[in-house]
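A short write-up of the structure that comes next.
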Amino acid sequence: MPQLAGLGRLVPDAMPFLGWLVLIAGCVGFEIIGISALALVCVVLAAVHHAEVAAHRVGEPVGTLILAVAVTVIEVGLIVALMLADPVTTTTVARDTVLAASMIILNLLLGPCLLVGARHDGTARFTRTVATATLAALATLLVLTLVLPNYTTSTPGPVYTPSQLGLVATFSLILYIIFVFVQTVKNRDYFLPTDTDGTDPTSHATPPTTARAWSSFALLVVGLVAVVLLAKSLSNPLEDAVTAAGAPIAVVGIAIAAIVLLPEGIAAVRAAYGTRLQTSLNLTLGSAMATIGLTIPAVAIVSFALGLPLTLGLDEKGTLLLMMSLFVAALSLARGRTTLLHGAVHLTNFAAYLVLTVIP
């Protein structure tokens, strides 16, 4: 048994380095699309494992911030790299990425979490105050960054002036810092899971050692960087496949955003399956807050420093779908109890977003 336990630990520890080996092989001319895709899935699963190890050591709710912030920082790096590679045609890459990530989090992640969390007795419970406060902050950030640029008059088009962009980026960062302070210090108890029925064995497991937690955190970072680089290496073949199928190029952005958010999605659904819906919502809504609160200030700084154009305003269809998702999420989380129907509605919203993106 000790040998098996050691083997079980060795496999997720080795996966991030396997991803880097595949990346190195691709750099020297030995890239195989199928192997890269398989390595990507393996590294994502390993990243989820190491995030849970580190989170178990530091405890909730700080643990849920680890994966959300780490993934978002890597996502920002990917957006900035794309902006620098082709400044002319990537003016909307930040907008499209934030919209895709928001729709995935609010619908494709939140929906299954509510479905899985309500599987026992038909309803799932969580702290209403946390959910509604986070959703209010999230709605404010989304409207300020993706909707309001369409209605300003200082400059034509769905863009902010430099001063307006600077203020919005500052507001986004301040709101996210306040969110983190509330989650980890001021109202920390509101974000703690209840675990009333004790069906989740991980909530009572012995925490890992400090050394093991730090090693898992380091492997998490290594793995997440490999995930983004592997996803980027697969973007061109994916783009070619999408073009060959006659689908809009925006599908590539959705696919890349889904891959980057996959570690958080798996961790959130697993938490909901373990009857820890509060932890699941912390991951889901917290990742949405991090996506906007960190991404917009970062790309704004790059835009200022390098003089790159930045288009943030959504078109009418994107605005309507985003507003519907926020409205439905507000209804789903308003009472602190959800049912299977709530989860099904969120999945329907995402299906509509996906279909209307593929078939405009």
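What follows draws every value from the coordinates through simple rules; no lab data is involved. Note that the structure is predicted; figures quoted are calculated from it, not measured. For neighbour counting, all protein chains shown are included, and Cβ atoms are generated from backbone atoms with ideal geometry for every residue, glycine included.
Applying 0.36 nm per residue to the separation of Ala247 and Ala136 and subtracting their alpha-carbon distance, the gain on full extension is 36.5 nm. Distance between the modelled labels on Ala334 and Thr209, one decimal in nanometres: 5.2 nm (7 Å Cα→Cβ projection). Counting Lys and Arg as +1 and Asp and Glu as -1 over every other residue whose Cβ lies under 14 Å from the Cβ of Ala70, the net charge comes to -3. Semi-axis lengths, largest first, of the ellipsoid equivalent to the range 266-314 are 34, 9, 7 Å, with √(5λ) applied to each eigenvalue of the Cα gyration tensor. Report the residues of the range 267-302 in range of a label on Thr170: point 7 Å along Cα→C-beta, backbone N strictly under 16 Å from it. What the label zone holds, given the 16 Å backbone N cut-off, is 297-298, 300-301. Counting only Cα atoms, the range 299-360 measures 48, 31, 15 Å along its principal axes, largest extent leading.
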